[in-house]
Amino acid sequence: MFEIVFLGTSASAPSVHRGLSSLLIQHEEFRFLVDCGEGTQRQILRAGVGFKRLNQILLTHGHLDHILGLGGLVSTFLRWDVIEEIEIYGTRHTLDRVHDLIFSVVLRGFQGKPPVILHEIKPGTFWETERFTITAFPVEHRGSHSLGYRFEERTRRPFLPAAAEALAIPPGPWRRDLVNGLAVTLPDGRVINPDQVLGEPQKGTSLAIVGDTGNTEKLHRYVQGVDALVIEATYAESEADLAVQFDHLTAARAAELAQRAQVKQLFLTHLSRRYRGSDILSEAQKIFPAVHVARDFDSFQIRREAD
């Protein structure tokens, strides 16, 4: 399961009710901030999610409405001593702008080892744990060398408590080792193999995050079949000419992508101030019913749906 907390859902500039682009992804003890628009640290406080372990930041691209909040966030972390290191991931194009912001302004004159580590990444899997992976994929948006991110739990075999009870396997390390795929010898001398207590392999939950883009044609392969897709819907179809001009999506085009890629749920964000959320929702629902228009501080749990 992944949890999403939307921290900022406005496009280009904040509105009265919406901050600039940022969201929090959590999986068990791991937490990732995706983009960090102006005012993100205040949004974190208002959302009540706290700063603890929030030191992994994934950037979709380097446009200012997606990175300006890094200055204030890093400054606060330094002042409060709440995090020893902040790791920021993005393309070289994105990190060049971040470097200027952080090292030339925020950390200017800083003595000692810099607390900010910049990781240049390219399309491919760059984060792996025993439970899930994160894969970056290319996204087209006004020459910004953008990336999207696919979070995916590994395929696993569920533990079958009824089978364990039938075999009289006591609670404790024996069951833990069986879950991890190891054969065990019980206190009474019997040897139990994992196949005796594990079910059929099940795919894990998957989640794709796309920042700004005006072209969905090359995204299908990267978001295909995900349990949730988060993507922009800056414009309504009535102003599709502006969407093309500024290389953004309409709600209808985002919904068409979700439909063709057979995603389970669609979350729309990055809304222009000229629209009400209900307008964007109505347009998208005509094409793809399982859609949510995210508001600041909305929280969702993403779980694997049966095929």
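If I ask for residues that are at positive phi and either of a type in the set (Asp, Glu) or surrounded by 22 or more Cβ atoms within 10 Å (Cβ to Cβ) (or both), which ones from the range 222-266 would you list?
247
Quick check, is residue 74 farther than 18 Å from residue 231 by Cα, buried (at least 21 other Cβ atoms within 10 Å of the Cβ) and either under 15 Å from the mean Cα position of the chain (by Cα) or assigned by TED's automatic domain parsing to the domain that holds residue 234 (or both)?
yes
Scanning the range 18-28 for residues that are part of a loop (DSSP other than H, G, I, E, B) and at pLDDT 95 or above, which turns out nearest to residue 211 (Cα to Cα)?
Here is the first cut: in the range 18-28, the residues part of a loop (DSSP other than H, G, I, E, B) are 18-19, 21, 28.
Subsequent filtering for residues that are at pLDDT 95 or above retains 18-19, 21.
Working: 18: 16, 19: 15, 21: 9 Å.
Per the stated criteria, the residue is 21.
Rundown of residues vs (1) under 24 Å from residue 274 (Cα atoms); (2) among the charged types (D, E, K, R), yes/no style:
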| position | (1), (2) |
| --- | --- |
| 207 | no, no |
| 211 | yes, no |
| 220 | no, no |
| 225 | no, no |
| 229 | yes, no |
| 232 | yes, yes |
| 237 | yes, yes |
| 244 | yes, no |
| 253 | yes, yes |
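Residue under question is residue 64, and the condition is that it be within 29 Å of residue 122 (Cβ to Cβ) and surrounded by fewer than 21 Cβ atoms within 10 Å (Cβ to Cβ); does it hold? Taking the combined requirement at face value, the residue satisfies it. Provide a single number: the residues in the range 276-307 that are in contact (Cβ under 8 Å) with a residue 40 or more places away in the chain and of a type in the set (Ser, Thr, Tyr). The number of residues fulfilling the criteria is 1. Of the residues in the range 204-215, at least one is crowded, with 21+ Cβ neighbours inside 10 Å, within 30 Å of residue 93 (Cβ to Cβ) and acidic (Asp, Glu). Taken together, 19, 62, 39, 48 contain a single residue that is without any contact (Cβ under 8 Å) to a residue 12 or more places away in the chain and of a type in the set (Gly, Ala, Ser), which is 48.
So how many residues does the range 101-120 have that are among the charged types (D, E, K, R) and either outside the structural domain of residue 150 (by TED's automatic domain parsing) or within 14 Å of residue 59 (Cβ to Cβ) (or both)? Spell out the reasoning first.
At the first step, the residues of the range 101-120 found to be among the charged types (D, E, K, R) are 108, 113, 120.
Subset that is either outside the structural domain of residue 150 (by TED's automatic domain parsing) or within 14 Å of residue 59 (Cβ to Cβ) (or both): 120.
Total meeting the criteria: 1.
The values are calculated or read from the model by the stated rules, or taken from the named source; none is laboratory data. On a predicted model such as this, the values are computed, not experimentally measured, just so you know. Neighbour counts are summed over all protein chains in view; Cβ atoms, including those assigned to glycine, are modelled from backbone coordinates with ideal geometry.
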